[in-house]
Amino acid sequence: DDKTIKTPAGARAALAGAYNALQSGYYYGGTFTHFGDLYGDNANHTGTFTSYQEAAQHTFFADNSDVTGMWNAIYEAVKRTNVLIEKVPNVAGFDPVEQDQILGEAYFLRALSYHNLVKYYGGVPLRLQPITDPDAAANLARATVTEVYTQIIADLTEAETRMSNTTAPATHATVGAAKALLARVYFYQGNYAQALAKAQEVEALGYALAPN
């Protein structure tokens with residue numbers, strides 16, 4: 001642990017690793033998006049996977065391995081961002097703008113994961129530091145939904161303050177992404193005035209819809 005993220009190059013690699021966590025087959029690579037479509041009316045279950053059938057029928061059971069896999073995958077993503085947030089401020093030799101951008105992206109990614117967790121599971125444990133003591137980590141209690149949303153908003157506010165990227169590289173989070181996710185979070189909370197204000201801030205950045 002004392003040899004990780006010691007250089008700007010190491011920080012860039014760790015950030016790539018944080019994005020890579022989103023590709024898990026239980027996260028954006030599969031279960032997370034599939035369950036959302038099945039639970040709504042965007043997809044129908046026609047296969048033999050009982051775990052997916054439970055999603056389609058709104059009847060989840062405690063032994064559903066895909067629910068467990070999704071939980072673990074999202075917390076793996078949280079873990080990687082926590083390491084970045086703790087270590088990147090202490091890395092020497094950074095251009096301050098890039099250092100802030102990497103931290104901003106880490107805060108954005110953590111907020112994204114916690115928003116996904118609270119939507120699926122309600123109040124969840126808030127892990128905000130790297131785990132050094134597994135026993136202590138296992139005893140972390142669930143936070144309330146309000147507490148989770150408070151943390152999400154704090155992370156996104158930090159992200160939009162630190163990030164300067166608006167367009168490039170296209171594969172990284174931008175200031176617009178942070179503002180857009182804030183608008184979505186406020187919308188989920190029923191705070192429509194702030195949701196509208198953040199959406200208008202995104203529009204003011206000059207984004208346009210992709211061509212048909």
What list of ³J(HN,Hα) couplings, whole Hz, do you get for segment 110-126 from phi and the Karplus terms 6.51, -1.76, 1.60, once you set θ to phi - 60° and write x for glycine and proline? 5, 4, 4, 5, 5, 5, 5, 5, 5, 5, 8, 10, x, x, 10, x, 9
What accessible area per residue comes out for the chain, rounded to a whole number of Å², with a 1.4 Å probe? 55
Take peptides 139-151, 17-29, 73-85, 200-212 and line them up by average Cβ neighbours within 10 Å, highest first, as a rough protection proxy. 73-85, 17-29, 139-151, 200-212
Of the heavy-atom accessible surface of the chain (probe 1.4 angstrom), what whole percent is carbon and sulfur? 55
Phi to ³J(HN,Hα) by Karplus 6.51 cos²θ - 1.76 cosθ + 1.60 over segment 175-189, Hz, x for Gly, Pro: 4, x, 5, 5, 5, 5, 5, 4, 4, 5, 4, 4, 4, 4, 7
In nm, spacing of pseudo-spin labels at residue 120 and residue 61 (7 Å Cα→C-beta vector): 2.0
For residue 120, solvent-accessible area (1.4 Å; no DNA, RNA or ligand), Å²: 80
How would 172, 58 rank on accessible area, largest to smallest, probe 1.4 Å? 58, 172
Only four residue types carry charge here, +1 at the Cβ of Lys and Arg and -1 at the Cβ of Asp and Glu. Report the dipole size of segment 1-157 about the Cα centre in Debye, rounded to the nearest 20. 160
Once all protein chains are kept in place, residue 95 shows an accessible area at probe 1.4 Å, nearest 10 Å², of 90
Would you tell me the accessible area of residue 152, worked out with a 1.4 angstrom probe on the heavy atoms of the protein chains, in Å² to the nearest 10? 0
Shape call, segment 1-64: gyration tensor on alpha carbons, a/c limit 1.5: prolate
Label corresponding to Cα Rg over 2.2 N^0.38 Å when calculated from the structure given, among [x] 1.01; [y] 1.08; [z] 1.22: [y]
Of 6/179; 6/87; 3/87, which ones are farther than 19 Å apart at the Cα? 6/179
Average Cα contact separation per residue, the chain, under 8 Å, 6 or more apart, as relative contact order %: 17
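The values are calculated or read from the model by the stated rules, or taken from the named source; none is laboratory data. Nothing here was measured: the structure is a model prediction, and the numbers come from that model. No Cβ is skipped: glycine too gets one built from the backbone with ideal geometry, and neighbour counts run over all protein chains shown. Just the protein is used for accessible areas: all its heavy atoms, side chains included, with ligands, DNA and RNA removed. Shrake-Rupley method; radii C 1.70, N 1.55, O 1.52, S 1.80 Å.
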